[in-house]
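The values are calculated or read from the model by the stated rules, or taken from the named source; none is laboratory data. Computed from a prediction, not measured in an experiment: that's the story for all the values here. Note that each Cβ is placed from the backbone with ideal geometry, even for glycine, and that neighbours are counted across all protein chains shown. With ligands, DNA and RNA removed, areas are computed over all heavy atoms of the protein, side chains included. Shrake-Rupley method; radii C 1.70, N 1.55, O 1.52, S 1.80 Å.
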Amino acid sequence: MTDVLRAQRVPLPPAASIRWNPSPQQLRELTAKMPNARLTEFGNYDVQTEVVSRSKGSTYIVTDHPEQHTDQTLSRQVGSEIARRQDEHIRERDMVVVDGYIGNDPKWRVRARLYIEAAFANIAGMQHWLYFDNEDQGGQGWDPELTVIYTPSLEAPGYPNNRVIAVDLDRGVTRVLNSDYFGESKKGGLRMWNKLTDDAGGLALHAGCKVIPTQRGEQVMLIVGLSGTGKTTTTFTRQNDSKPVQDDFVALYPGGMIVATENGCFAKTFGLDPKDEPSIHGAVCKPEAYLENVSMTEDGAVDFFDTAYTQNGRAVFRMDALGWHREADEQMRVDQLLILNRNENIIPAVARLSREQAAAYFMLGETQGTSAGGKEEAGRFLRVPGTNPFFPLRHEQQGNRFLELLDSHPFEVFLLNTGRVGGPPADEHSKKVSIAYSSAVVRAIAEGTIEWETDPDFGYEVAMSLPGIDDVEVLQPRRLYERTGRGAEYTSIVERLRAERRDCLAAYPGLRSEIVDAIGA
């Protein structure tokens, strides 16, 4: 059935007019005409959108086989009705086509297309920066494997917030109705790419990638984490003059081979400080960058710390805007993988995981919810399998594939807490895992300079000493709780986490038993 549907490529519905692959300058000029686009002090445009985060509750997989997916689905008949309404809407609209590649490795790259209303040209401009360039210039004779058809001005009555994102994996098309948030374009293509990667024997990782020079040679590191956990910050922090390869999504294939996806970065801007993140700040402030929902004054001054409209301000820029990065087309194999966990209690700044523990914590995907997931996620404690909220198949496939890939090319796996230990900020006894601490952890992992001992409660290894961190309570939270007279609270949290983790993994009946058993009794 899938092969039959694949052969039935979805043609672009006719429109009042179509601009095929406008230049960056033309996309900028179209953006300037938008009533909600404002010119900033940096010479780039900031667009204030009505939708300020991704719409998970409005996202459905189009299928007649819901048992093949963990996430919510709708039938092909319903999907066809959504397509019909959208096609009718497009007939009276001016549209823009942006063609490019997801990935640039000749063997693995995927032809991708965005088809969007010209009135929302900022989304087209942002997507253009993330695609790898199409040397054939795309156009009507080009045959994309993946297509996102995007109509922000069309409501979808009957769906949450009158909005729907209908994902047809078999035909390689995602239809977005009634969202003007750029993330639906970016994730629309990558979600479908997830499926292609899985079909090819790989694993799509919501991860950054960087290369760190050390005395024992270059270390290639993957940083896995949900939005808001510090993935971008960790990727771009320059330990030993390290260089970023990729910010958001990579594919991991047998033998440890890494394939990048995007030629740019979709970065969170809230709290962006040139002292802590000079590279990202510099790239965001260039004229060619696109800003989304960043607060600014009437005279164009930008305030990255104002949350009056949303904390989920964003920016898109090309990787070369950083002035330093490693080209994504170089063959790379992973040495270390970091699983980021933004926590506030007993997770240490770093823990080293065994093979089975690595797959278990990868599946647990624990973190504190952030604004990136919208109001329904912000502030909540979340578990997202594989830390990949865009994997469109059954989630246990990620855990099993992770173990297979780890066996094909053994690499070290670490759990990092990028939040706090000992409680929330209001707790006077708590301590922040600062950017400087996290950077020291990453450097020490790359250089192999951490002394380890086994944690008696969770069985993973915790640091006895780590160059750059002289506070052992950040490395071993048990000591903080004991010193502050909260030993019973620590024990209670340990028991609760064990039980919750067992229940979480038990919810995936197809998950390999050694992964489930790694959490312990």
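Before moving on, here are some points about what is shown:
- Near pairs, Cβ below 7 angstrom, 6+ apart or cross-chain, from the stretch 306-317 (open to solvent by 20 Å² or more (accessible area, probe 1.4 Å)) to any residue that is among the acidic types (Asp, Glu): none
- Here is the figure for the stretch 464-485: residues that are closer than 16 Å to Arg420 by Cα and in contact (Cβ under 8 Å) with a residue 24 or more places away in the chain total 11.
- In the stretch 140-182, counting only strands (runs of 3 or more DSSP E) that sit wholly within it, none holds 2 or more residues that are open to solvent by 10 Å² or more (accessible area, probe 1.4 Å), touching a Phe, Trp or Tyr at 6+ places or on another chain (Cβ under 9 Å) and β-branched (Val, Ile, Thr).
- Residue list for the stretch 13-39, restricted to those being of a type in the set (A, V, I, L, M, F, W, C) and under 20 Å from Asp180 (Cα atoms): Ala15, Ile18, Leu27, Leu30, Ala32, Met34, Ala37, Leu39
- Number of the exception - Arg38 against (1) open to solvent by 30 Å² or more (accessible area, probe 1.4 Å); (2) more than 30 Å from Val302 (Cβ to Cβ): (2)
- Options Asp199, Asp133; residue that is in contact (Cβ under 8 Å) with a residue 40 or more places away in the chain and of a type outside the set (Ser, Thr, Tyr): Asp133
- Meets criteria (aromatic (Phe, Trp, Tyr) and surrounded by fewer than 24 Cβ atoms within 10 Å (Cβ to Cβ)) for Tyr290: no
- When Lys186 is tested against (1) basic (Lys, Arg); (2) under 20 Å from Tyr115 (Cα atoms); (3) open to solvent by 10 Å² or more (accessible area, probe 1.4 Å), only condition (3) is not met.
- Within the stretch 24-60, the residues that satisfy the criterion of being under 27 Å from the mean Cα position of the chain (by Cα) and within 30 Å of Gly141 (Cβ to Cβ) are Pro24, Leu27, Arg28, Thr31.
- Annotation: of all residues in the stretch 115-139 being of a type in the set (A, V, I, L, M, F, W, C) and part of a strand (DSSP E or B), the one that is nearest to Tyr150 (Cα to Cα) is Ile116.
- The set of residues in the stretch 96-114 that are in a strand (DSSP E or B) and crowded, with 24+ Cβ neighbours inside 10 Å comprises Val96, Val98, Gly100, Ile102, Ala112, Arg113, Leu114.
- Taking strands (runs of 3 or more DSSP E) as the structural unit, those lying wholly within the stretch 270-361 and holding at least 2 residues that are under 21 Å from the mean Cα position of the chain (by Cα), more than 30 Å from Asp133 (Cα to Cα) and among the hydrophobic types (A, V, I, L, M, F, W, C) correspond to 336-341.
- Qualifying residue in the stretch 139-151 (condition: without any contact (Cβ under 8 Å) to a residue 60 or more places away in the chain and among the polar types (S, T, N, Q)): no
- Flag for Phe266 being surrounded by fewer than 22 Cβ atoms within 10 Å (Cβ to Cβ), within 18 Å of the chain's Cα centre (by Cα) and either of a type in the set (A, V, I, L, M, F, W, C) or not in a loop (DSSP other than H, G, I, E, B) (or both): no
- Flag: Thr197 does not match the condition of being part of a helix (DSSP H, G or I) and within 13 Å of the chain's Cα centre (by Cα).
- Filter pass, Gly225 being farther than 23 Å from Phe390 by Cα and either modelled with pLDDT of 90 or more or not charged (D, E, K, R) (or both): no
- Pro254 vs. criteria in contact with a helix residue (DSSP H, G or I) (Cβ under 8 Å, 6 or more places away or on another chain), buried (at least 24 other Cβ atoms within 10 Å of the Cβ) and in contact (Cβ under 8 Å) with a residue 40 or more places away in the chain: no
- Unmet requirement for Pro66, which otherwise passes all of (1) of a type outside the set (Val, Ile, Thr); (2) closer than 30 Å to Gly386 by Cα; (3) surrounded by 15 or more Cβ atoms within 10 Å (Cβ to Cβ); (4) modelled with pLDDT of 95 or more: (3)
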